[in-house]
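Encoded as structure tokens, the structure appears first; notes follow it.
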Amino acid sequence: MIRLRILVFVALTVVAADALANPLRFIGETYSEWKERLFGSGHPTPAVVNAPATGPIALPADQPMRVRIDDKTPRRDLPKGESRYRLIELPDHIDHASVRLQVFAIANPEGRGKAVFKPLLYVLGDDDTVRAPVEAKPLNLDIRPFRRTRLLACVKLDQVRRFVLATTPDAVGKSYESELREAVSAPTQYGFYYNTDAIKTRLPYAATGEVVIEVTPESAAGKGC
């Protein structure tokens, strides 16, 4: 009986450690599978279009749209502090929605290297009241040769018709940091080997940035992401 308890304890410890290291695997989906399902060829969508540079953004369902926040974007006082913001308007009220976000690294406006925008979403009521912010987290790093570095996230919104894309001033000056990825050497299905160096990525948060946003209506709360 004691030995059985020890084996159960060890098994639970291994499962817990694996869940902490890769929470998507714990629920039956790896990060690569999640990325492919939401952002890859497994999720066919129309080509990305550019949002207007100023004013409200009319965003059709399932249409990825590139939204830029720059030094000409207006500011607004929000629950997490004053921020540059863009107003997103959907064609219809949606009971439950999943929002896919791709945050692209841009030239750091405050120095060398690249920087990223840390997104917060605020749903607006019909009377323009602001609901509690929904933070885009976790932000998952997608960094590959010859591709623009981006952070990927998917969040859920309920009872939404209009919402604001903004950030928090507390984030500016801090940085996104990825976990350390160890060096990898592994065979491919064709018998070749590939190698990657150990890497830890640090991207400063900026008050401006570039985000591709896509909203999909869902049949029930909690679905989509």
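The values are calculated or read from the model by the stated rules, or taken from the named source; none is laboratory data. Everything numeric here is computed off the predicted structure, so don't read it as measured data. Positions of Cβ are backbone-derived with ideal geometry, glycine not excepted, and every protein chain shown enters the neighbour counts. Keep in mind that these areas ignore ligands, DNA and RNA; they rest on the heavy atoms of the full protein, side chains included. Shrake-Rupley method; radii C 1.70, N 1.55, O 1.52, S 1.80 Å.
Quickly work out the residue 220-to-residue 70 label distance, labels modelled 7 Å from Cα along the C-beta direction, and quote it in nm with one decimal.
Distance between the two pseudo-spin positions: 4.5 nm.
Report the accessible area of residue 177, computed with a 1.4 Å probe over the heavy atoms of all protein chains in place, in Å² rounded to the nearest 10.
The accessible area of residue 177 comes to roughly 100 Å².
Which value in nm describes the separation of the simple spin-label points at residue 77 and residue 146, placed 7 Å from the Cα toward the beta carbon?
Using points 7 Å along Cα→Cβ, the separation is 5.1 nm.
What full-extension length gain, to one decimal in nm, is calculated for residue 126 and residue 87 as 0.36 nm per residue of separation minus the Cα-Cα distance?
That works out to 12.7 nm of additional length.
Which far-off residues, 5 or more places away or on another chain, put their amide H under 5 Å from the one on residue 108, with H placed in the peptide plane?
Residues meeting the amide H criterion: 113, 114, 115.
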